[in-house]
Amino acid sequence: MRLSDPKGRDINLELGKIPLHVGAFPNRSDASRNSLIGSPIVYQYHVDVRDDQIPTQTDQIVANRGRGYFTNYAPGTGYNGSGQALSVLYENCWDFGAVVVGTSSPFEFAAGVTNGTVGSMVGTDTNDGKQVLGRIGIVPAPWLRAGVSAARGPYLIRQLDDELPAGRKIDDYNQIFAGGDLEVSYDRAVVTGEYVWNRFQQPYVGNLDLRSWYAEGKVTLIPGWYVAGRYSRMIFDDLRLSGGGLASWDAPLWRREIGIGFKPSKMLLAKLVHQETHIATAPRRVDAFMAAQLSVVF
């Protein structure tokens, strides 16, 4: 539900199931606005952190490098329930909460509270804490848009309470996110980029930090036809292993997407895209495929 300002100002209160209001990609994630078909890594890839299991040793984290959604720690590391491995940002599922969004030229803003976190969107509350999130942006000229975002909230489910160190509770461990976005356009070209820092606080293995960024461009060649490309990376900090030495807590990865699009009208958009993802496991994993998409707005 959206309640708008009766005086006509662009200030709105969203209640209930609401979309993700941090970063730049959610504004163009639907098929009719996305120049490509896929998403930047940070908005899609599942890292080896679960909301229903707690690793007690760094080796358990490192052993799951590159497993993504199939991450599963050894037995006895928490509640093996209906949880999942998490993304850093996840726009495909909407969260439950309340957010104020709007603009006051040249600024745009969003601030609110939700049940889940930016990487663990939930319909019902899975712990006793709430996430606070916000974004403030500026559009000083039609060709320039920039913003910063932040969020903080507990992500572990309440069934893990008995697995924590003495005197600690689930709400002590948060997903903490901060990021910046920039969009610049000139003539028939537009370039967009984001940089993200994220931390998953853990009770036994310490903080799990990562950084991710992407750059995306689109050029209109002739009326109705464009080419687009996106390059994104995700890099994980090191953990000290029980046997000595250091290793990144998940496998670094990068993704490249290139494609062409044809838009004969405002209601129709056809795309052909090639995507390739490299995950630095041993041996290196490469996922590559072609995809076509037809988007019809009605």
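Every read-out reported here was derived from the displayed coordinates using simple, explicitly stated rules and does not represent laboratory data. Given the structure is predicted, the values throughout are model-derived calculations rather than measurements. Cβ atoms come from the backbone with ideal geometry, glycine included; neighbour counts cover every protein chain shown.
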Exercise. Dipole of segment 2-223 (Lys/Arg Cβ +1, Asp/Glu Cβ -1, origin at the Cα centre): which of 88, 69, 4 lies farthest to the positive side?
Worked result: 4
Exercise. Quick one: what do you get for segment 177-298 if you divide its Cα Rg by 2.2 N^0.38 Å?
Worked result: 1.39
Problem set entry | Alpha-carbon radius of gyration plus Dmax, which is the widest Cα pair, for segment 95-170 in Å | 16.5, 55
Seminar exercise, completed: Amide H contacts under 5 Å for residue 239, restricted to residues at least 5 apart in sequence or on another chain and with H modeled in the peptide plane, are 247, 248, 249
For this session: For a quick protection proxy, order the peptides 5-16, 50-61, 99-110 by their average other-Cβ count within 10 Å, most packed first.
Result: 50-61, 99-110, 5-16
For this session: Would you work out which of 186, 114, 153 lies farthest towards the positive end of the dipole of the chain, given +1 charges on the beta-carbon of Lys and Arg and -1 on that of Asp and Glu, about the Cα centre?
Result: 186
Problem set entry | Relative contact order (%) - the chain, alpha-carbon pairs under 8 angstrom, separation at least six | 16 percent
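For the peptides 21-30, 34-43, what is the packing order when you average, over each peptide's residues, the other Cβ atoms within 10 Å and list the highest mean first? Each step should come with its number before you reach the end.
Working: 21-30: 19.0, 34-43: 23.1.
My ranking of the peptides, most packed first, is 34-43, 21-30.
Can you give me the convex hull volume of the Cα atoms of segment 101-237, divided per residue and expressed in Å³? Provide the component values of the computation, followed by the final result.
Values: hull volume 18.5 nm³, N = 137.
Roughly 135 Å³ of hull volume per residue.
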For this session: Calculate the spin-label point distance for residue 225 paired with residue 291, positioning each point 7 Å from the Cα along the beta-carbon direction, and give it in nanometres.
Result: 2.4 nm
Seminar exercise, completed: Charge dipole of the chain built from unit charges on the beta carbon (Lys, Arg +1; Asp, Glu -1), centred at mean Cα; most positive-end Cα among 144, 221, 34 is 221
Seminar exercise, completed: Taking a crude spin-label model, label points 7 Å out from Cα along the C-beta direction, the residue 103 to residue 199 distance in nm is 3.5 nm
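What is the packing order of peptides 153-159, 202-208, 247-253, taking the mean over residues of other C-beta atoms within 10 Å and listing the highest first?
Details: 153-159: 23.0, 202-208: 16.6, 247-253: 21.4.
The most tightly packed comes first, giving 153-159, 247-253, 202-208.
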Exercise. To the nearest whole percent, what portion of all C-alpha pairs in the chain is separated by more than 36 angstrom?
Worked result: 21 percent
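Placing unit charges on C-beta atoms (Lys and Arg positive, Asp and Glu negative, everything else neutral), compute the dipole magnitude of the chain about its Cα centre in debye, rounded to 20. List each step's numbers first, then the result.
Details: 30 positive and 30 negative charges, 184 e Å.
In debye, rounded to 20, the chain gives about 880.
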Problem set entry | residue 138 versus residue 162: modelled label distance in nm, points set 7 Å from Cα along the beta carbon direction | 5.3 nm
Exercise. Can you work out the FRET efficiency for the pair residue 182 and residue 33, with r the C-beta to C-beta distance and R0 = 25 Å, to the nearest 0.05?
Worked result: 0.90
For this session: Using Cα positions and a limit of under 13 Å, work out the aspartates and glutamates in reach of residue 218, with same-chain residues fewer than 8 apart set aside.
Result: 183, 187, 257
Problem set entry | Rounded to whole Å, sorted largest first: equivalent-ellipsoid semi-axes of segment 1-152, Cα gyration tensor | 33, 18, 13
